[in-house]
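*Asks:* Dropping a structure here in structure tokens format, bear with me for questions.
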Amino acid sequence: MKKKYIIASAVIIAIFVIASLLYGGQGDVGETYKVKLGSIKKTVEETGTVYSKRVNTFYSDISRRIQTLNVSVGDKVKKGDVILIYENNYDLEIERAKKQIEAITATYNESVKGANFQEISNLKLQINTIETNLNFAKKNLEKIESLYENGAVSQVEYDEAKNAVTVLENQLQEANNNYILLTQEVSSNVKKTI
């Protein structure tokens, strides 16, 4: 019985082998084409905007109306082409120059008119007051320094006294500088630039 099964299995296997050899090469037969000489290419369609690498924007340093515009967006221009023509407004330019001259003259007159007597007097009073307060602060600092060395006052009190002297010295320097500026005549360099 075993032999029968072995022989039957061998026959079935042989049938499958023969069938696959006969029909295996044909499988799904699709359409066939003849080979032709040509090129292979693929076309891609896209939309977009192309910008030039050289885009120049021009601005006028004066405000004038345009009389004629000889080009429009996208036109090609060459060196020497007249792009636009301004309206004639020389009267406006002359008026602008006159206004500039008036402003410069007013600045010059203001700078050379000199100091006001009342301002000078007030500044001298301020300097005297600061000097008096500074002398008092220096004397106070000497006393506090002596007390600090003997341990009678704290470091904070000593630092506050030193700071008061420094603040008053700075105020005095500022007041003196303002006094010099107020009483000083306009230099020749300022007169030349104005």
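Here, each number is a calculation from the coordinates, and none is a lab measurement. Predicted model only: the values in this text are computed from it and were never measured. Heads up, the Cβs are rebuilt from the backbone with ideal geometry, glycines too, and the neighbour counts pull from every protein chain shown.
*Asks:* Run down the lysines and flag those whose C-alpha is under 29 Å from the C-alpha of Lys78, throwing out any fewer than 8 positions away in its chain.
*Replies:* Of all the lysines, those that pass the test against Lys78 - Cα under 29 Å, at least 8 places apart if same chain - are Lys53.
*Asks:* Please order Glu46, Glu145 by the number of other Cβ within 10 Å, starting at the fewest. Each step should come with its number before you reach the end.
*Replies:* Details: Glu46 4, Glu145 14.
Starting with the residue having the fewest Cβ neighbours, the order is Glu46, Glu145.
*Asks:* Could you put Arg65, Arg96, Arg54 in order, starting from the residue whose Cβ has the fewest other Cβ atoms within 10 Å?
*Replies:* Arg54, Arg65, Arg96
*Asks:* So which lysines pass the test for Lys99, namely a Cα distance under 28 Å, with those fewer than 8 places away in the same chain ruled out?
*Replies:* Lys113, Lys191, Lys192
*Asks:* Residues with amide H under 5 Å of Val153's amide H, sequence separation 5 or more or different chain, H placed in the peptide plane at 1.01 Å from N; which?
*Replies:* Excluding prolines and chain starts, which carry no amide H, the hits are Tyr148.
*Asks:* What are the ³J(HN,Hα) values, in whole Hz, obtained from phi via the Karplus relation 6.51 cos²θ - 1.76 cosθ + 1.60 with θ = phi - 60°, for each residue of region 137-149 in sequence order, with x given for Gly and Pro?
*Replies:* Once rounded to whole Hz, the list reads 5, 5, 5, 4, 4, 4, 5, 5, 5, 5, 5, 5, 5.
*Asks:* Taking the Cβ of each residue in Val153, Val55 as the centre, tally the other Cβ atoms inside 10 Å and list the residues starting with the fewest.
*Replies:* Numbers: Val153 17, Val55 6.
Listed from fewest to most nearby Cβ atoms, that is Val55, Val153.
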